[in-house]
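The values are calculated or read from the model by the stated rules, or taken from the named source; none is laboratory data. Not measured: the values here are computed from a predicted model. Cβ placement follows ideal geometry from the backbone for every residue including glycine, while neighbour counts extend to all protein chains displayed.
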Amino acid sequence: MAMHKGQVRVGAGLPGLLKDGYKHMSGLEEAIMRNIDAAKKLSEITRTSLGPNGMNKLVINHLEKLFVTSDAAVICKELEVIHPAANLVVMAAKMQEDEVGDATNFTVTFVGELLSMAEKLLRMGLHISEIVTGYEKAAKKCNELLLALAEDSVENYRDRDQVAKCLLHIIGSKQPGSEAFLAPLIAEACMAVMPPAPGTFNVDNVRVCKLKGGFLGDSKVVHGVVCQRDSCGSIKRVSNAKVAVFAQAIQASETEAKGTVLITSAEELMKYSKSEEKMMEDKIKEIADAGVKFVVSGGSISEMAAHFLEKFGIMSIKIMSKFELRRICRTTGATAMPKLGAPTPEEAGHIDLVEVMEFGDSKVTVLRQNADTSRVATIILRSSTDNALDDLQRAVDDGVATVKVLQRDNRLVPGAGATELALAEDIATFAATVPGLDQYAVKKFAEALEVVPRTLAENSGQQAQDVVSALYTARTQGNKAAGVDVIDGGVLDARQAGIMDLYATKQSAFDLGLEAALTILRVDQIIMSKRAGGPKPKGNVANQYQP
């Protein structure tokens with residue numbers, strides 16, 4: 001058939017459907033197994049960091065920033081995973097971190113183990129749909145059994161000692177050896193800002209100020225805000241002060257339109273300067289007459305303004321971050337004013353004590369409120385290096401997020417791998433009642449749950465198989481909360497040892513992990529369009545995704 005000018009020959013099948021340069025992979029070996037292998041590799045990276053004996057990872061990101069941490073969420077984020085299937089696991093870990101702040105490593109590890117078991121089933125000849133159906137049946141049973149295990153709870157989430165006891169082993173899995181000091185510190189900060197209505201706790205009200213130098217024992221809680229800058233004048237301390245917050249710089253006002261002032265003599269110059277000084281003095285005097293003793297500027301403070309603030313005995317500080325300015329307004333009850341002048345009674349705030357404190361070579365301004373009226377609490381962390389401070393902050397953030405979940409759902413389940421082993425045993429029994437080939441997938445789901453006690457045992461230097469066998473033996477002898485003893489080795493009673501996890505955290509990790517695994521298993525084709533034009537990505541070409 002003759003072709004006219006301008007016509008394009010279109011082939012049959014995918015070549016005629018997609019643009020040139022696309023990549024298409026399908027089938028068991030090309031698509032499914034490749035996706036499973038990528039997710040397994042990511043899981044293997046984070047698995048050795050699980051538990052209190054977990055190892056740190058040293059990650060250097062594309063900006064050459066150094067991270068030394070065992071936090072799976074940070075590891076996954078900074079590795080910059082580009083494989084699409086592994087990225088689904090990273091997204092599941094990120095969602096777990098955003099929702100509950102804990103068990104991110106368990107989420108990634110559980111996904112990797114589920115996919116590893118699915119790979120064995122595929123080699124046996126099972127179809128993907130049979131594996132997915134079996135996993136869904138096992139997950140439904142798992143949720144029922146998990147609910148039955150939630151027999152314990154925190155009676156009063158407003159009690160500092162009870163909350164600290166609950167946080168003890170959660171923080172211990174991230175900062176082993178420091179949990180006895182950090183857990184009460186986090187509990188104190190959370191109790192200071194705990195709202196009266198349940199379910200309304202805001203994690204942003206607990207701030208962290210990292211000051212290099214000293215050691216962890218020097219850390220403390222401040223009921224208020226800590227600004228990492230010195231005051232602008234010689235006044236370093238005021239108490240029971242009225243506060244004015246300005247969203248702008250404190251300086252002579254500028255006209256919107258450009259203008260020119262012609263000065264022909266020294267006398268006119270003196271008059272012009274005096275008029276500017278008089279105007280600024282009147283503004284500051286107006287603020288002082290309103291009873292204000294402490295001024296916060298959202299921008300710079302001119303030398304002239306600083307002189308008159310000093311003259312009228314007003315302490316001042318400049319805050320360049322609008323977010324920190326909002327926190328100061330929340331702490332003092334003030335309103336950020338867009339115009340320089342005396343605040344009205346509704347716009348003015350109040351602070352019990354403002355003082356400049358020195359930590360090592362750093363000077364910070366501390367805004368304190370009484371414990372009863374504080375809306376923001378700050379944990380001042382001290383340590384020797386920036387990496388140590390960053391890791392401590394991540395542990396504090398996870399602890400604060402745990403308190404948020406705790407006041408929403410106060411139920412607890414045994415930790416130390418006891419819950420996972422109990423679920424594995426019961427689901428293995430349930431598998432015998434499932435008809436058809438689905439029961440093989442249910443059995444593998446039960447085996448996948450054993451990954452937690454196995455990994456805890458391996459990371460603590462024990463023989464995983466021996467420990468798991470000892471755990472099953474302890475359960476048959478009546479210890480229904482048998483868990484892994486990572487300190488002395490062997491088996492312990494998780495309930496008696498006080499090693500408890502939040503039910504909501506565990507359920508969220510199970511649900512997100514299963515959803516990520518099933519999503520990856522349901523992918524049977526990979527279709528990639530040709531890369532867009534432009535500069536090629538930096539870095540080693542070998543590290544770029546090539547399916």
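Within region 31-76, being over 22 Å from residue 455 (Cα atoms) and in a helix (DSSP H, G or I) holds for 31, 32, 33, 34, 35. Among the residues of this structure, residue 144 does not count as one that is outside the structural domain of residue 356 (by TED's automatic domain parsing), at pLDDT 85 or above, surrounded by 15 or more Cβ atoms within 10 Å (Cβ to Cβ) and at negative phi. Being assigned to a helix (DSSP H, G or I), within 30 Å of residue 147 (Cα to Cα), in contact with a strand residue (DSSP E or B) (Cβ under 6 Å, 6 or more places away or on another chain) and not assigned by TED's automatic domain parsing to the domain that holds residue 126 is a property that residue 396 has. Just one of the numbered conditions (1) in a loop (DSSP other than H, G, I, E, B); (2) surrounded by 13 or more Cβ atoms within 10 Å (Cβ to Cβ) is not true of residue 197: (2). Looking only at region 236-255, decide whether some residue is in contact with a helix residue (DSSP H, G or I) (Cβ under 7 Å, 6 or more places away or on another chain) and farther than 30 Å from residue 283 by Cα. No - not one qualifying residue is present in region 236-255. The strands (runs of 3 or more DSSP E) found wholly in region 202-251 and carrying at least 1 residues that are surrounded by fewer than 17 Cβ atoms within 10 Å (Cβ to Cβ) and in contact (Cβ under 8 Å) with a residue 40 or more places away in the chain occupy 206-212, 220-222, 237-246. Condition test on residue 149, is it in contact with an Asp or Glu (Cβ under 6 Å, 6 or more places away or on another chain) and either touching a residue at least 40 places away in the same chain (Cβ under 8 Å) or assigned by TED's automatic domain parsing to the domain that holds residue 115 (or both)? Against the criterion (in contact with an Asp or Glu (Cβ under 6 Å, 6 or more places away or on another chain) and either touching a residue at least 40 places away in the same chain (Cβ under 8 Å) or assigned by TED's automatic domain parsing to the domain that holds residue 115 (or both)), residue 149 does not qualify.
Going through (1) out of contact with any Leu (no Cβ under 7 Å at 6 or more places or on another chain); (2) hydrophobic (A, V, I, L, M, F, W, C); (3) modelled with pLDDT of 85 or more one by one, residue 246 falls short only on (1).
For beta carbons closer than 6 Å, sequence separation of 6+ or different chains, a first residue in region 309-326 that is farther than 14 Å from residue 225 by Cβ and a second that is polar (S, T, N, Q), the qualifying pairs are 309/316; 315/231; 318/297.
Contact map, region 287-305: first residue on the phi > 0 side of the Ramachandran plot, second residue assigned to a helix (DSSP H, G or I), Cβ cut-off under 8 Å, separation 6 or more or different chains; the map is empty. When 386, 352 are checked against the criterion of being under 26 Å from the mean Cα position of the chain (by Cα) and among the charged types (D, E, K, R), a single residue qualifies: 386.
Within region 470-511, restricting attention to residues that are among the aliphatic types (A, V, I, L, M) and assigned to a helix (DSSP H, G or I), the residue that is nearest to the chain's Cα centre (by Cα) is 509. Is at least one residue of region 50-71 closer than 27 Å to residue 32 by Cα, at pLDDT below 90 and not aliphatic (A, V, I, L, M)? Checked against the condition, which is being closer than 27 Å to residue 32 by Cα, at pLDDT below 90 and not aliphatic (A, V, I, L, M), region 50-71 yields no hits at all. Determine whether region 408-428 contains at least one residue that is buried (at least 16 other Cβ atoms within 10 Å of the Cβ) and under 20 Å from the mean Cα position of the chain (by Cα). Taking every residue of region 408-428 in turn, at least one turns out to be buried (at least 16 other Cβ atoms within 10 Å of the Cβ) and under 20 Å from the mean Cα position of the chain (by Cα).
Kindly indicate whether any position in region 466-474 is crowded, with 21+ Cβ neighbours inside 10 Å, in the same structural domain as residue 143 (by TED's automatic domain parsing) and more than 30 Å from residue 202 (Cβ to Cβ). Yes, that holds for at least one residue. Here 402, 419 are screened, and the one residue that is hydroxyl-bearing (Ser, Thr, Tyr), in contact with a Gly (Cβ under 8 Å, 6 or more places away or on another chain) and assigned to a helix (DSSP H, G or I) is 402. For the condition within 31 Å of the chain's Cα centre (by Cα), buried (at least 18 other Cβ atoms within 10 Å of the Cβ) and of a type in the set (Lys, Arg), what is the one hit in 363, 322, 318, 293? The match here is 318. Just the residues that are of a type in the set (D, E, K, R), farther than 17 Å from residue 413 by Cβ and over 18 Å from the mean Cα position of the chain (by Cα), please, taken from region 154-178. Within region 154-178, 158, 159, 160, 161 qualify. Please indicate, with yes or no, whether at least one residue in region 435-445 is under 20 Å from residue 97 (Cα atoms), within 30 Å of the chain's Cα centre (by Cα) and touching a residue at least 40 places away in the same chain (Cβ under 8 Å). No, there is no match, as no residue in region 435-445 is under 20 Å from residue 97 (Cα atoms), within 30 Å of the chain's Cα centre (by Cα) and touching a residue at least 40 places away in the same chain (Cβ under 8 Å). Residue 358 passes every criterion in (1) more than 27 Å from residue 195 (Cβ to Cβ); (2) of a type in the set (D, E, K, R); (3) touching a residue at least 40 places away in the same chain (Cβ under 8 Å) apart from (3).
Here's the yes/no breakdown for (1) within 34 Å of the chain's Cα centre (by Cα); (2) under 23 Å from residue 391 (Cβ atoms):
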position: 221; (1), (2): yes, yes
position: 229; (1), (2): yes, no
position: 239; (1), (2): no, no
position: 244; (1), (2): yes, no
position: 247; (1), (2): yes, no
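Annotation: residue 488 fulfils all but one of (1) touching a Gly at 6+ places or on another chain (Cβ under 7 Å); (2) without any contact (Cβ under 8 Å) to a residue 24 or more places away in the chain; the unmet one is (1).
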